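The values are calculated or read from the model by the stated rules, or taken from the named source; none is laboratory data. Since the structure is predicted, the reported quantities are computational estimates derived from the model, not experimental observations. Glycine also receives a Cβ, built like all others from the backbone with ideal geometry; neighbour counts cover every protein chain displayed. The accessibility values were calculated without ligands, DNA or RNA, using every heavy atom of the protein model including side chains. Shrake-Rupley method; radii C 1.70, N 1.55, O 1.52, S 1.80 Å.
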Protein chains: 2
Amino acid sequence: MELAQKYQALLHEAQRRQLPDVAGIRLCFQTLSLASAIDRDCAALLAPHSLSEGRFVLLFLLDAASEGLAPNALAEQAGVTRATVTGLLDGLEREALIERQADASDRRALHIRLTLKGKQVAKQVFDQHGRWIAGLFGNLSAPERQQLATLLDKVALNLDATQSGRPE
Amino acid sequence: MELAQKYQALLHEAQRRQLPDVAGIRLCFQTLSLASAIDRDCAALLAPHSLSEGRFVLLFLLDAASEGLAPNALAEQAGVTRATVTGLLDGLEREALIERQADASDRRALHIRLTLKGKQVAKQVFDQHGRWIAGLFGNLSAPERQQLATLLDKVALNLDATQSGRPE
DNA sequence: CACATATAATTAGCCGCCATACTATATGGC
DNA sequence: GCCATATAGTATGGCGGCTAATTATATGTG
């Protein structure tokens with residue numbers, strides 16, 4: 001695997017300094033590089049539709065909610081702040097994929113719905129995205145996948161443990 | 001492992017729709033979630049020193065170059081654009097960790113060096129960072145680490161293959 | 001030497017994330 | 001009903017990534 005350039009530079013230096021556990025550093029950088037590569041690949045897939053990952057997530061959530069959703073519900077489900085949702089919705093509205101409608105029972109609130117165009121793009125993109133993501137681990141056997149999932153879980157567990165133990 | 005909120009929402013919906021290969025989707029989200037968690041953990045470690053990951057990388061590279069480095073060299077090694085380096089250096093300069101000096105032989109160019117404060121912070125942070133990163137995979141056995149590395153490499157290989165095969 | 005081209009560092013604008021503040025509105029207790 | 005508090009969506013500014021443009025400088029060719 002080719003590590004992202006910054007990780008190559010850092011790793012090269014870690015080796016030069018003969019830091020302990022260079023292999024652990026390398027493993028970390030492998031994980032991060034792979035994640036970056038996946039993100040980059042995903043972005044390339046979404047860009048022709050004028051979508052970013054953030055916009056894609058909102059599109060997906062809205063497609064699943066026939067009655068529309070309020071921005072704060074979108075924020076909750078997407079795991080970002082309301083402020084961020086405003087910007088993402090601005091982009092989607094600019095592309096005529098969504099429309100903002102007033103809420104009848106709460107003058108502060110909005111309902112966000114997909115336009116017809118939005119629904120069409122959604123259908124197209126989800127199909128494409130689904131096929132792409134299904135192929136990501138396509139060269140791993142079922143046992144290998146299980147193995148990978150278990151190992152990732154184990155690392156995440158360690159991360160959670162060290163994080164909660166941090167005296168901050 | 002607890003997936004990032006947006007992935008939980010997407011996965012929930014993928015399950016609801018009975019998409020094929022939900023396990024593959026889940027595996028992808030596990031990888032991305034772990035990477036995000038590592039990034040977040042790293043950011044928490046660096047923040048008390050007024051450093052972000054980007055700044056840390058530059059600090060590290062500069063610490064390794066006793067004669068200083070030019071911004072374009074930093075950009076190359078860090079794998080970002082010169083424009084991005086300018087912003088990062090601005091931040092580091094603001095914190096008095098670096099100084100910009102004119103290059104005697106090329107009026108367009110600069111030399112970037114660590115200040116004394118910069119060297120001290122660097123020493124402290126690298127020590128801390130090294131211990132942190134060494135502990136990341138601390139709960140994996142040596143064979144498990146090897147396994148994880150191999151699996152990550154394999155996925156990355158697949159990603160590279162599908163990417164170069166893309167007719168763009 | 002003149003000039004076309006390339007390069008260095010920075011600026012400006014876009015994007016997506018955050019936190020904070022703001023304006024308008026809703027809620028609940030007294 | 002009044003008022004303190006909370007909430008909805010947005011604006012603003014910071015940050016770090018990008019691209020393209022800019023100004024100053026360097027290079028190479030004829």
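Report the paramagnetic label zone for A:GLU76: residues of the stretch A:107-123 whose backbone N is under 15 Å from a point 7 Å from Cα along the Cα-to-Cβ axis. Within reach of a label on A:GLU76, which here means backbone N under 15 Å from a point 7 Å along Cα→Cβ, the stretch A:107-123 contributes A:109-112. Measuring nothing but alpha carbons in chain B and taking Rh as the Kirkwood radius, the Rg to Rh ratio lands at 1.08.
Would you calculate a helix-derived [θ] at 222 nm for chain B, using -39,500 (n - 2.57) for each DSSP H run of n ≥ 4 and dividing by the full residue count, to the nearest 500?
-22500 deg cm²/dmol
Using the Kirkwood formula on the Cα atoms of the protein assembly as shown, what hydrodynamic radius do you get, in angstrom to one decimal?
Details: mean 1/r = 0.0452 Å⁻¹.
Hydrodynamic radius (Kirkwood, Cα only) of the protein assembly as shown equals 22.1 Å.
Label separation (B:LYS119 vs B:ASP90): 2.9 nm, computed from points 7 Å beyond Cα along the C-beta direction. Interface size, chains B and A: roughly 6400 Å² of accessible area buried, both sides included, 1.4 Å probe, rounded to the nearest 100. How charged is the neighbourhood of A:THR84? Take every other residue with its Cβ under 14 Å from the Cβ of A:THR84, and add Lys/Arg as +1 and Asp/Glu as -1. With Lys, Arg at +1 and Asp, Glu at -1, the net is 0.
Per residue of B:41-54, count partner chain C-beta atoms within 10 Å of its C-beta, then hand back the mean as an integer. Can you show the working numbers first?
Values: counts 5, 2, 0, 3, 1, 0, 0, 1, 0, 0, 0, 0, 2, 1.
The mean count of partner-chain Cβ atoms within 10 Å per residue comes to 1.
So which aspartates and glutamates pass the test for A:LYS154, namely a Cα distance under 20 Å, with those fewer than 8 places away in the same chain ruled out? Answer for A:LYS154, where 20 Å is the Cα cut-off: A:ASP21, A:GLU144, B:GLU2, B:ASP39, B:ASP41, B:GLU144, B:ASP153, listed by chain and number. Using a probe of 1.4 Å, the accessible surface attributed to B:LYS117 totals some 100 Å² when neighbouring protein chains are kept in position.
Evaluate the charge dipole of the stretch A:50-162 about its Cα centre and quote only its size in Debye, nearest 20, assuming +1 on the Cβ of each Lys and Arg and -1 on the Cβ of each Asp and Glu. It would help to have the intermediate numbers written out before the result.
Values: 13 positive and 14 negative charges, 44 e Å.
Roughly 220 debye for the stretch A:50-162.
Peptides B:103-110, A:128-135, A:11-18, B:92-99 ranked from most to least packed, by the mean per-residue count of other Cβ atoms within 10 Å: B:92-99, A:128-135, A:11-18, B:103-110.
Between A:ALA47 and B:ASP153, the modelled label-to-label distance comes to 3.0 nm, taking each label 7 Å out from Cα in the direction of the beta carbon.
Averaged across the residues of A:124-135, what count of C-beta atoms belonging to other chains lies within 10 Å of each residue's C-beta? Walk me through the numbers on the way to the answer.
On the way: counts 0, 0, 4, 0, 0, 2, 7, 2, 2, 10, 8, 5.
Shielding by partners across A:124-135 averages 3.
Counts of other chain beta carbons within 10 angstrom of each beta carbon in peptide A:18-29 average 5. Here's the list of lysines a cross-link from B:LYS119 could span, going by alpha-carbon distance under 27 Å and ignoring same-chain residues fewer than 8 apart: A:LYS6. Where a Cα-Cα gap under 12 Å defines reach, which aspartates and glutamates qualify for A:LYS123, not counting those fewer than 8 residues away within the same chain? Cross-link targets: A:ASP63.
Sorted from closest to farthest, the other copies place their B:ALA43 label points 1.5 nm away, with each point set 7 Å from Cα along Cα→Cβ.
Cα axis of helix A:116-136 to longest principal axis of chain A: angle in degrees, 0 to 90, nearest 10? Roughly 20 degrees, rounded to the nearest 10. As a ratio to 2.2 N^0.38 Å, the alpha-carbon radius of gyration computed for the stretch B:50-126 takes the value 0.99.
Measuring with a 1.4 Å probe in the full set of protein chains, what accessible area per residue, in whole Å², belongs to chain A? Walk me through the numbers on the way to the answer.
Values: 8580 Å² over 168 residues.
Ligands and nucleic acids excluded, the figure is 51 Å² per residue.
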